[in-house]
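Taking it in order: structure first as structure tokens, then the write-up.
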Amino acid sequence: MTEVYRRAAAYSAGLLALLAGVVTVSAGVGPVAVPARTVLAVVANAVVVPAGVEWGTGVAGGGGPLTAGPPLRVRFAHPFAFSVSETHAAIVMRVRLPRILLAAFVGVGLAAAGTVMQGFFRNPMADPGVIGVSSGAAVGAVSWIVAPSAVLAFLGPLRPLLAGGAGLQLAAFCGALVAGFGVYLIASRDGRTPVATLLLAGVAVQTFLGAVVSYLLLHSGESIRRVTYWLMGHLSGASWGEVAVVAVLVPALTLALFAYARDLNVLLLGETDARALGVEAERSKRALLAISSVLTGTAVAVSGVIGFVGLIVPHAVRLVVGPDHRILLPTSALAGGSFLVVADTVARSGVAELPVGIVTAAAGAPFFLYLLRTREVYDL
Amino acid sequence: MSRDRDGSAAADGGDEDGDAAADDRDGSPLIAVRDLVVDRGGERVLNGVSLTVGRGELVGLVGPNGAGKTTLVAAVNGTLAPDDGTVELDGRDRAGLSQREVARLVATVPQETNTAFEFPVETVVEMGRTAYVSRFGTTTAADRAAVERAMERADVAAFADRPVTTLSGGERQRVLFARALAAETPALLLDEPTANLDINHQPGRSTSCAASSTTGRPRWRPSTTSTSPRACATGWCSSPAAGCAPPGRRGRCWPPTRSTPPSASRRPSRTTPRWGRRW
């Protein structure tokens, strides 16, 4: 019904506004308080618009190599020039905003993937890592920290990509995909992937990979602190490069999941029913698994294993908007973004900085219990 | 689906019996099952079943528990791949049709479904239109009209906004019936459709089936096992002539050549748990 999409759009617009507000306020919070108006001014100053096109006529100066491309150069201009202090501008643009935006996108990705996994498995305890993706990422990341040379042997063909210092993220991402795909293969037989088998295979593989991580931890020596920090989930040290990657991947993958929202609704009724209603169940399941695994892998690769966002946010939102994924998926994704930004703001503004995973768990669980006690819960 | 074929082969709990004057309309029967064999959990549940159902026919299937009625429904609507034999829908081999195409020919009211989710009734009925909505599209006015009609006919419009979880078993079953009607398919399969219905709605259900049949000939007749207008309800009678032929029509039984209920020998001891294979 278009009515459903109207509701989805209204909720999403509201939550998007909330997310923008939360990001703005969060950028002002910290050891140096920056007024929200200054934050907005700094962001506006950073806006560039293409102001014109120049045809390069001569040789590029400075004795650089001649470029082979067309001598076309786009000129950019800053339309806004509010006066703000250099310090404030630097704090907001270089320190806080990358981290906050990373939190927002990671939160969106984890909440979207968690929503899909809970619906897919018809299991309230499912989270984005249920098919072993997070554990795989952990093994990848921890191995990189403990023994980068060993990982390099595996990542050989990807070596050019490592130049930018993204080895940790890449190792985690590859670990995530290998684990997810492995679980899928283990659980599939004769072209069918029963959900129950997938869930159990995921639990088994998670346990096994947990053992691998524990073993690596024992032998991590000096780097144990870094490993623990990564495993708890953190967003410190975010770079604009990471933000750029997630800003492209997370919205694209979330929209792809949204295209399967209707199938996911029908799958909730059971696979036999879904097939009888015209859904190619196995194909839809494959697509949902693949997309949400890549989404989770992306989020975990840049932020470590941040628990509870993908578990609690979808539940909380479902209690409010109901189980229809056409509404639930976008709203819970956007709510996840706001939730993680707030949690990370708390994590970094205490006396000592905490890994954000501790904050999400400590704050999310009581809130969730409150919802459980005050709302009637049927299933999922 | 094309509206001009709104005639339905409605089947209670399965669906069979061949015959049909209506077949001649465009040559091929709506549902044609040939030598169907299905094994489940190591047991042969269906063994060489053949039957045809023409347009506008309303056919009932009765049989003891475990006789394979539901299995036959699953084989026809494409949720189960047969081990041998063919199913043709509207003259085309089902194996060559996508699940979406099958769902535009055959709608099913399942015996039971997972309705533990708080979907409003209207959303559940709308799921009957799944096969008509494209992945990136949304429901059209035609879809919404079909949903409205289905809810009226199944008598669920009064609680269209209530979550299905709050309905009684019988109300829920009417919702599933509405969901199947919403697909507006030429064929409608109903698996144990009256199990939870109160006496007031049993005739109602059958009337709706009859109304969706172009021939409109079938008359409802009370029966403890089936609301089929033809109490012969096919199949298991040993003598096809006895009570199987509705007035003025040629009757045929499924399986046509058998003289004893095929289920009798088919369901021996339950040594293997039936769900054993699925995990």
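The values are calculated or read from the model by the stated rules, or taken from the named source; none is laboratory data. Everything numeric here is computed off the predicted structure, so don't read it as measured data. Note that we place each Cβ from the backbone using ideal geometry, even for glycine, and neighbour counts take in every protein chain shown. Heavy atoms of the whole protein, side chains included, go into the accessibility calculation; ligands, DNA and RNA do not. Shrake-Rupley method; radii C 1.70, N 1.55, O 1.52, S 1.80 Å.
Rounded to the nearest whole Å³, what is the per residue volume of the convex hull around the Cα atoms of the range B:61-194?
128 Å³
What's the average, rounded to a whole number, of partner chain beta-carbon atoms within 10 Å of each residue's beta-carbon in A:258-267?
That average works out to 3.
Under the definition of partner shielding as Cβ atoms of other protein chains within 10 Å of a residue Cβ, what is the mean value for peptide B:126-132?
Partner-chain Cβ atoms within 10 Å, mean over residues of B:126-132: 5.
Arrange the peptides A:147-154, A:357-364 so that the one whose residues have, on average, the most other Cβ atoms within 10 Å appears first.
The packing order, highest mean first, is A:357-364, A:147-154.
Using θ = phi - 60° and the Karplus form 6.51 cos²θ - 1.76 cosθ + 1.60, what ³J(HN,Hα) does each residue of the range B:79-87 get, whole Hz, x for Gly and Pro?
Going residue by residue, I get 8, 9, 8, x, 7, 7, x, 10, 10 Hz, with x marking Gly and Pro.
Whole angstrom only: what separates the Cα centroid of the range A:203-249 from the Cα centroid of the range A:19-51?
Cα centroid of the range A:203-249 versus Cα centroid of the range A:19-51: 30 Å apart.
Quick one: which residues, 5 or more positions from A:ALA147 or on another chain, have an amide H under 5 Å from its amide H? H modelled 1.01 Å from N in the peptide plane, none for Pro or chain starts.
none
How much net charge surrounds A:LEU168 when only the other residues with a Cβ under 13 Å from the Cβ of A:LEU168 are counted, with Lys and Arg +1 and Asp and Glu -1?
0
Past the 13 angstrom mark, what percentage of all C-alpha to C-alpha distances in the range B:119-169 do you count?
Tail fraction, whole percent: 57.
By per-residue mean of other Cβ atoms within 10 Å, what is the highest-first order of A:234-247, A:7-20?
Values: A:234-247: 17.9, A:7-20: 15.3.
Ranked from most to least packed, the peptides come out as A:234-247, A:7-20.
About its Cα centre, how strong a charge dipole does the range A:195-274 have in debye, to the nearest 20, once Lys and Arg get +1 and Asp and Glu get -1 at the Cβ?
Numbers: 3 positive and 5 negative charges, 57 e Å.
For the range A:195-274, the charge dipole is close to 280 debye.
If I fit a long axis through the Cα atoms of helix A:281-303 and take the longest principal axis of the Cα atoms of chain A, what angle between them do I get, 0 to 90°, rounded to 10?
Roughly 40 degrees, rounded to the nearest 10.
If you filter the range A:289-380 for trypsin sites (Lys or Arg not before Pro), then keep DSSP loop positions with at most 13 other Cβ within 10 Å, what is left?
Here the sparse-neighbourhood loop sites are A:ARG375.
Given axes a ≥ b ≥ c from the Cα gyration tensor, I'd like to know whether the range A:189-242 is rounded (a/c under 1.5), prolate (a/b larger than b/c) or oblate.
Oblate shape, in that a/c is at least 1.5 and b/c is the bigger or equal ratio.
Please list B:VAL76, A:VAL351, A:VAL203 from largest to smallest accessible area, probe radius 1.4 Å, with all protein chains kept in place.
A:VAL351, A:VAL203, B:VAL76
With springs only between Cα atoms under 10 Å apart, run a GNM on chain A and tell me which of A:ALA172, A:ALA44, A:ALA36 wobbles the most.
A:ALA44
By how many degrees, 0 to 90 and rounded to 10, does the Cα axis of helix A:240-258 deviate from the longest principal axis of chain A?
Between helix and principal axis, roughly 40 degrees.
Taking the Cα centre of chain A as origin, work out the dipole magnitude from +1 charges on Lys and Arg Cβ and -1 charges on Asp and Glu Cβ, in debye rounded to 20.
260 debye
Given a Förster distance of 30 angstrom, what is the FRET efficiency for B:SER98 paired with A:ARG6, based on the Cβ-Cβ distance and rounded to 0.05? Write down the numbers at each step before the final one.
Values: r = 31 Å, r/R0 = 1.03.
My answer for the efficiency is 0.45.
With solvent modelled as a 1.4 Å probe, how much accessible area in total do chains A and B shield from it at their shared surface, in Å² to the nearest 100? Numbers along the way, then the final one.
On the way: alone 18960 and 13330 Å², together 29260 Å².
Chains A and B together bury approximately 3000 Å².
Can you tell me which of A:THR296, A:THR228, A:THR345 moves the most in a GNM of chain A? Springs connect C-alpha atoms under 10 Å apart.
Residue with maximal mean-square fluctuation among A:THR296, A:THR228, A:THR345: A:THR228.
Counting other Cβ atoms within 10 Å, which trypsin sites (Lys or Arg not before Pro) in the range B:30-139 have at most 13 and lie in a DSSP loop?
Of the trypsin sites (Lys or Arg not before Pro), the ones in loops of the range B:30-139 whose Cβ has at most 13 other Cβ atoms within 10 Å are B:ARG135.
Once you keep just the Cα pairs under 8 angstrom separated by 6 or more residues, what percentage relative contact order results for chain A?
About 27 percent, as a whole number.
Using θ = phi - 60° and the Karplus curve 6.51 cos²θ - 1.76 cosθ + 1.60, what whole-Hz ³J(HN,Hα) does each residue of the range A:228-235 get, with Gly and Pro shown as x?
Per residue, the Karplus-derived 3J(HN,Hα) values read 4, 4, 5, 5, 7, x, 8, 10 Hz.
Which of rounded, prolate or oblate describes the range A:114-251 when judged by the alpha-carbon gyration tensor and an a/c cut-off of 1.5? Mind dumping the intermediate values first?
Details: a/c = 1.72, a/b = 1.48, b/c = 1.17.
Prolate is the answer for the range A:114-251, as a/c is 1.5 or above and a/b outweighs b/c.
In terms of modelled amide H atoms, which long-range or inter-chain residues lie less than 5 Å from the amide H of B:ASP39?
B:VAL45, B:ASP83
Using only Cα atoms and rounding to the nearest 10 degrees, what angle (0 to 90) does helix A:309-321 make with the longest principal axis of chain A?
In chain A, helix A:309-321 runs at an angle near 70 degrees to the longest axis.
Across the range A:249-323, what fraction of all alpha-carbon pairs, as a whole percent, falls in each successive 5 Å bin from zero upward?
3, 14, 19, 22, 21, 14, 5, 2, 0
Roughly how crowded by other chains is peptide A:172-179, in terms of the mean Cβ count from those chains within 10 Å of each of its Cβ atoms?
Numbers: counts 0, 0, 0, 0, 0, 0, 0, 0.
Going residue by residue through A:172-179 and averaging, the value is 0.
Using amide H atoms built 1.01 Å from N in the peptide plane, name the residues 5+ places from B:THR108, or on other chains, whose amide H lies under 5 Å from its own.
Here B:LEU189 satisfy the definition.
Excluding A:LEU269 itself, calculate the net charge of residues whose Cβ lies under 10 Å from the Cβ of A:LEU269, where each Lys or Arg counts +1 and each Asp or Glu counts -1.
Cβ neighbours under 10 Å give a net charge of 0.
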